[in-house]
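Novice: Before I ask anything, let me first share the structure, which is written out below as structure tokens.
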Amino acid sequence: MNIKRNHIVVLVVLGSLAVVLTGLSMWFGGIRQQSTEKTQKLEVATDPNFPEVKGKLISGFPQFPVYPGATLVASAKTNRVNQPDTGYRAKWETKDAVIKVMRWYQDQLPKSGWKYEVPNDPTAAGEQVAQIKKSGFEGFVEAESEQKGAEIVVEVRITK
């Protein structure tokens, strides 16, 4: 009877240990998967807690000229959910070169009420950043060379 009792105790201990180890491995696996998903899904938000939408401009994004033929990748707020809006970011992709993109913005932004400060090196083919301002907003427009064209990022802060 003692041997049978010991056998049952050993089975209960091993079963409990198996349940605990399975639970721990699922828990750690879930944490790793969640953190990977958040990292992989972000396109333009600089923090996983900032609201981001893919393929359209997020609510509140100011009127801003879009480079012809550019495809909107994503846009985001620059604040956490349930906090007052502090600014916005958006990212587009185009097949055109950095210099062509920035010349277009230099021409078009003033027509839309934005002040555009020419980048330090307006002939740079790899990346250009221009400061921009409009009543209630200030920030930058950036074009960076990618394999098949350029990535355009606009970030503006609310100043009013």
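Novice: With A18, A45 as the choices, which residue is more than 20 Å from the chain's Cα centre (by Cα) and either over 30 Å from T159 (Cα atoms) or at pLDDT below 85 (or both)?
Specialist: On inspection, the qualifying residue turns out to be A18.
Novice: For segment 48-70, name all the residues that are touching a strand residue (DSSP E or B) at 6+ places or on another chain (Cβ under 7 Å) and either crowded, with 18+ Cβ neighbours inside 10 Å or closer than 18 Å to R157 by Cβ (or both).
Specialist: F50, P51, E52, V53, L57, I58, G60, F61, P62, F64, Y67, A70
Novice: Could you list all residues from segment 86-101 that are surrounded by fewer than 22 Cβ atoms within 10 Å (Cβ to Cβ) and of a type in the set (A, V, I, L, M)?
Specialist: Within segment 86-101, A97, I99 qualify.
Novice: Restricting attention to segment 107-149, and to residues there that are among the aromatic types (F, W, Y) and farther than 19 Å from V44 by Cβ, which single residue is surrounded by the most Cβ atoms within 10 Å (Cβ to Cβ)? Talk me through it step by step, then tell me what you get.
Specialist: Looking only at segment 107-149, we keep the residues that are among the aromatic types (F, W, Y), and these are 114, 116, 137, 140.
Those left that are additionally farther than 19 Å from V44 by Cβ: 114, 116.
On the way: W114: 23, Y116: 19.
The extreme case among them is W114.
Novice: I'd like to verify a number: residues in segment 94-124 that are touching a residue at least 40 places away in the same chain (Cβ under 8 Å) and in contact with a helix residue (DSSP H, G or I) (Cβ under 9 Å, 6 or more places away or on another chain), how many?
Specialist: The number of residues fulfilling the criteria is 3.
Novice: Taking the condition modelled with pLDDT of 90 or more, of a type in the set (V, I, T), surrounded by 14 or more Cβ atoms within 10 Å (Cβ to Cβ) and not in a loop (DSSP other than H, G, I, E, B), does V73 pass?
Specialist: Criteria met by V73.
Novice: Condition first: hydroxyl-bearing (S, T, Y) and out of contact with any strand residue (DSSP E or B) (no Cβ under 9 Å at 6 or more places or on another chain). Now tell me which residues in segment 91-141 satisfy that.
Specialist: T123, S135
The values are calculated or read from the model by the stated rules, or taken from the named source; none is laboratory data. These numbers come from a predicted model, not from an experiment. Glycine gets a Cβ as well: all are built from the backbone with ideal geometry, and neighbour counts include every protein chain shown.
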